[in-house]
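Enquirer: The structure follows.
The values are calculated or read from the model by the stated rules, or taken from the named source; none is laboratory data. Note that the coordinates shown come from a computational prediction; the quantities given were computed from them, not determined experimentally. As a convention, Cβ positions derive from the backbone with ideal geometry for all residues, glycine included, and neighbour counts pool all protein chains shown. When the accessible area is computed, the model is the full protein with side chains, heavy atoms only, and any ligands, DNA or RNA have been set aside. Shrake-Rupley method; radii C 1.70, N 1.55, O 1.52, S 1.80 Å.
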Amino acid sequence: MSRNRTLRIDRIACTGRGLCAELLPELIDLDEWGYPVLKDRTVPDRLRAHARRAVAACPVLALHTDDDRA
């Protein structure tokens, strides 16, 4: 059984600063108002460290990672 890491955005907490998209452009785009839009919720192994960094850098703690059992 493998474990997949997924991204989640708390849209209520997010203030649209865009730091997450700068740190993780492979998985996060910004909409026309500057709020994040996930391209893909599943984080590939090669991007796990970048995803953790983006989560830690979110100034309002709106970006999260979850472990899902696949």
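Enquirer: Exactly which GluC sites (Glu not before Pro) in the chain are in a DSSP loop and have at most 16 other Cβ atoms within 10 Å?
Expert: The qualifying sites are 26, 32.
Enquirer: How large a share of the accessible area of the chain, in percent, is made up of carbon and sulfur atoms when the probe is 1.4 Å and the other protein chains stay in place?
Expert: About 50 percent, which is the carbon plus sulfur part of the accessible surface.
Enquirer: How far is it, in nm, from the label point at residue 8 to the one at residue 22 when both lie 7 Å from their Cα along the line to the Cβ?
Expert: The answer from the label model is 2.7 nm.
Enquirer: Still on this structure: Using all Cα-Cα distances in the chain, what percent lands in each 5 angstrom bin from 0 up to the longest?
Expert: Using 5 Å bins, I get a P(r) of 3, 19, 32, 25, 13, 6, 2, 0 for the chain.
Enquirer: Using a 1.4 Å probe, what is the accessible area per residue for the chain, in Å²?
Expert: 65 Å²
Enquirer: Using label points projected 7 Å from each Cα along Cα→Cβ, tell me how many nm separate residue 52 and residue 29, to one decimal.
Expert: Spacing of the two 7 Å Cα→Cβ label points: 2.9 nm.
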